[in-house]
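To start, the structure under review is shown below, and the notes come after it.
The values are calculated or read from the model by the stated rules, or taken from the named source; none is laboratory data. Remember, it's a predicted structure, so these values are computed and weren't measured experimentally. Cβ atoms come from the backbone with ideal geometry, glycine included; neighbour counts cover every protein chain shown.
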Amino acid sequence: MNNIEDRLEEIDANLEKIQDLSPEQMDAWGRFANTVATDGALSPRGKEIINVALSVLSKCVWGIPLHVKKALELGATKQEIKESAWIAVMMGGSPALMYAQLVLEELEEIDEFEALGEMVYYPVESARLFQQLMGYVDKVCDEVERTCREDTDRRKLALNIAESDSRVIEQVVRKECDNRGWVDPDEA
């Protein structure tokens, strides 16, 4: 299974194709979905928490990341999302338990982003940046492994590279943010 960003991009791409093929039906579906999702006796947040459970119960690999993301954006806690997945498992048994794993995967990916520090969290954008960073980290570690096959202390070399590269990357990003006028003069 791909990461959350890949799944969300796949959903967007497929929905665009369906929209192109059946615009009237998709427009009607969109109006209906928006009507159902609006605030009523249940809040949009509550409805998304329910959608997580229904996605697990329905074994919908596309709906799970979509509704986990939406629930978080609407202020649901990770605990509420986990409990909704467990309700689905209670109602759906072992097959639902297999799909509840996807909820945990989505939440773990989000935990990875939050562990990066005080980064402002935008789920899709953070996922994209995180994946690019992980690609760079994989390349550095692969290069260390390739060039230092006989050296048993490859970990130390990789950490030294990470430390020096992170300082350089931080300086370059700060300079570019300043060049773009994104830096608050009080913070500089």
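Only one entry of Val56, Val61 meets the criterion of being among the β-branched types (Val, Ile, Thr), under 21 Å from Ala37 (Cα atoms) and modelled with pLDDT under 90, and that entry is Val61.
Might you check whether a residue that is at pLDDT 75 or above, surrounded by 12 or more Cβ atoms within 10 Å (Cβ to Cβ) and of a type outside the set (A, V, I, L, M) occurs anywhere in region 118-132? Let's see the steps before the verdict.
Our first condition is that a residue be at pLDDT 75 or above; within region 118-132, this holds for none.
No.
Give Glu5, Glu10, Glu108 a once-over and let me know the one that is in contact (Cβ under 8 Å) with a residue 60 or more places away in the chain and under 23 Å from Gln132 (Cβ atoms). Checking each option against the conditions leaves just Glu5.
When we screen Ala76, Ala88 for residues that are outside any helix (DSSP H, G or I), at pLDDT 75 or above and of a type outside the set (Ser, Thr, Tyr), the only hit is Ala76. The condition of being within 29 Å of Leu104 (Cβ to Cβ), within 17 Å of the chain's Cα centre (by Cα) and part of a loop (DSSP other than H, G, I, E, B) does not hold for Ala13.
The single residue among Lys59, Lys70, Lys47 that is closer than 25 Å to Leu102 by Cβ, in the same structural domain as Glu108 (by TED's automatic domain parsing), assigned to a loop (DSSP other than H, G, I, E, B) and of a type in the set (D, E, K, R) turns out to be Lys59.
Restricting region 16-35 to residues that are more than 24 Å from the chain's Cα centre (by Cα) and surrounded by fewer than 10 Cβ atoms within 10 Å (Cβ to Cβ), the residue that is nearest to Leu104 (Cα to Cα) is Thr35.
Results for (1) over 24 Å from the mean Cα position of the chain (by Cα); (2) among the basic types (Lys, Arg); (3) modelled with pLDDT of 70 or more, shown as yes or no for each residue.
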{"position": "Glu108", "(1), (2), (3)": "no, no, yes"}
{"position": "Leu116", "(1), (2), (3)": "no, no, no"}
{"position": "Val144", "(1), (2), (3)": "yes, no, yes"}
{"position": "Glu176", "(1), (2), (3)": "yes, no, yes"}
